[in-house]
Each structure stands twice: as C-alpha cells, then as structure tokens.
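Working notes, beginning with the structure itself.
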Amino acid sequence: TWRFSCSDPNLQNVPKTTGIPLYQLFVAPDGWTFISADYSQIEYRVMANLCGDENMLQAYEQGRDLHTETTALLEGLGLFTKLKITHPDLKRRMAKTTNFGILYGVGAYSLAPRLGVPEAEAQRIINAFYKGYPKAKPWQQEQVAHAKKYGYVETFLGRRLYTPCALAEEGFLAVHGANQAANYPVQGGAAEIVKAAMLRAEDFLVCQVHDELLYLVPE
C-alpha cells in the first residue's frame with residue numbers, strides 16, 4: 001500500500017505508556033525537542049470520503065470521534081456489562097479493535113476472538129456498525145467486486161494496488177483477497193496523505209510512524 005515498515009528495532013510499535021517506559025528511552029539532545037504530529041483517525045477519515053457515508057462524514061465535520069461513537073454503540077449493545085468491563089481505556093480499546101477490524105473487512109469469525117465474545121455476538125456488533133454507517137459496506141463490496149474482476153483496486157489518487165488473492169475463487173486466499181480489496185484503498189490513500197505531508201515539511205523530520213511524523217527541532 002506504499003506504507004513504510006520498520007524492524008530491528010520496530011520503532012513503529014513503541015508503547016507510549018508510562019507503565020512500559022520504552023518510549024522514554026528516546027531523548028532529544030540539549031537545545032532540541034521532539035515534536036510529534038499525529039493525523040487523528042486517518043483511515044476512517046479516508047474511508048468516510050471514499051464511501052461518502054453521510055453519518056460518518058457528519059461525525060468528523062462536527063468534530064466527533066468515531067472510536068467514542070463505537071464505544072457508545074458497544075455500551076448500548078450491553079457488551080461491557082456482559083464482559084464486566086468498567087475501565088474507560090479498556091472500553092475504548094475494544095471500540096478501536098471493532099472499528100479497525102471492520103475497516104479491514106474481517107468477519108465475525110475473526111472479530112469474535114479479538115473481542116473475547118461468541119461469534120454470534122460479534123456478528124451483532126458488525127451488523128449494528130453497518131446499520132449506523134449504511135454506505136460503508138456497499139462501498140467495501142464494490143471494492144471486492146472490482147478486485148475480483150480486474151485484480152486491483154485504486155486509491156483516491158488513482159494509484160493501482162494489486163490484489164491477486166482476490167482472484168481466488170474460494171478458501172483462505174479468497175477471504176484474504178477480499179480483505180485486501182476493502183482495505184487497500186484506505187491504507188494506500190492514508191499513505192499518500194502522509195507522504196505528501198512529509199514532502200511539504202521535510203526539514204527536521206527524523207521518523208515516520210504510520211500516520212505520525214516525528215520531528216527533532218531546535219527549541
């Protein structure tokens with residue numbers, strides 16, 4: 001999708017929590033400071049524009065947060081009561097797991113173990129999500145159909161992202177290909193936005209972490 005990856009060490013997955021103080025190992029030299037510029041919920045903002053769902057677009061236009069919206073959805077479905085979850089951070093984490101799972105095109109079979117719920121409950125959550133954003137699923141289905149016919153999907157800039165697995169007729173490869181078709185335009189579009197930002201403000205840029213740009217600048 002044009003995204004960068006990083007290994008040995010993986011600087012893109014350094015926890016920002018104080019409980020695991022790895023993030024604090026990165027210290028700016030005297031007279032310098034780190035600035036982190038993070039694009040809030042870039043994938044869902046891209047998807048909102050791609051699928052044109054009015055509810056999703058309105059949420060962002062009004063400054064609302066889709067993870068907060070999904071937290072409220074899960075609360076309304078009684079999920080947190082069933083799982084005896086009370087901490088706000090854990091509730092939000094489950095909402096993010098739900099959001100990104102659906103964004104990546106996973107079904108109830110895959111979402112259920114991630115949430116720790118039965119498959120039927122996961123399907124109920126997915127159905128409620130799509131009911132709240134009715135244009136999201138038809139758009140994903142259009143991408144899958146396009147990938148099955150042509151072997152690729154496109155970003156909003158018209159860049160082709162090839163999905164050969166989508167050409168498989170059945171089995172794991174077909175499922176994987178469908179997930180790629182639904183996800184690649186979103187991830188690829190997000191990558192284009194971030195790379196454009198990198199080119200527009202490249203001075204002092206030291207690291208790119210998905211949708212976050214890290215700068216080391218004089219104080």
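Relative to its Kirkwood radius, the Cα radius of gyration of the chain gives an Rg/Rh of 0.99. For the stretch 37-133, applying the loop criterion from DSSP together with a ceiling of 11 other beta carbons within 10 Å to the chymotrypsin sites (Phe, Trp or Tyr not before Pro) yields no site.
Here the accessible area is traced with a 1.4 Å probe on the protein chains. For the chain, carbon and sulfur cover 57 percent of it. Toward the positive end of the charge dipole of the stretch 72-207, with +1 on the Cβ of Lys and Arg and -1 on the Cβ of Asp and Glu, the farthest Cα among Thr81, Ala196, Thr155 is that of Thr81.
About its Cα centre, how strong a charge dipole does the stretch 148-203 have in debye, to the nearest 20, once Lys and Arg get +1 and Asp and Glu get -1 at the Cβ?
140 debye
Under the rule a/c < 1.5 gives rounded, and otherwise a/b versus b/c splits prolate from oblate, where does the stretch 27-116 land using the Cα gyration tensor? Because a/c hits 1.5 or more and a/b fails to exceed b/c, the stretch 27-116 counts as oblate. Between the residues Leu90, His67, Tyr109, the greatest Cα displacement towards the positive end of the dipole of the chain, with unit charges on the Cβ of Lys, Arg, Asp and Glu, is found for Tyr109. Each Lys and Arg adds +1 at its Cβ and each Asp and Glu adds -1 at its Cβ; summed about the Cα centre, the chain shows a dipole of about 640 debye.
Let me have the relative contact order for the stretch 136-219, percent, based on Cα pairs under 8 Å that are six or more residues apart.
It rounds to 21 percent for the stretch 136-219.
For the chain, the relative contact order works out to 28 percent when only alpha carbon pairs closer than 8 Å and six or more residues apart are counted. Only helices enter the 222 nm calculation for the chain: every DSSP H run of n ≥ 4 contributes -39,500 (n - 2.57), and dividing by all residues gives -17000 deg cm²/dmol, rounded to 500. Residues of the chain were split at every exposed loop site, defined as trypsin sites (Lys or Arg not before Pro) in a DSSP loop with at most 12 other C-beta atoms within 10 angstrom, and the longest piece left, sites excluded, is 85-219.
Label-to-label distance, Ala120 versus Ala174, with points set 7 angstrom from Cα along the beta-carbon direction: 2.7 nm.
Measure up Lys131/Lys195; Lys91/Lys149; Lys135/Lys195 against 31 Å on the Cα-Cα distance and list the ones that go over. Cα-Cα > 31 Å for Lys131/Lys195; Lys91/Lys149; rest within.
The values are calculated or read from the model by the stated rules, or taken from the named source; none is laboratory data. The structure displayed is predicted, hence computed values, not measured ones. Cβ: placed from backbone, ideal geometry, glycine included. Neighbour counts: every protein chain shown. With ligands, DNA and RNA removed, areas are computed over all heavy atoms of the protein, side chains included. Shrake-Rupley method; radii C 1.70, N 1.55, O 1.52, S 1.80 Å.
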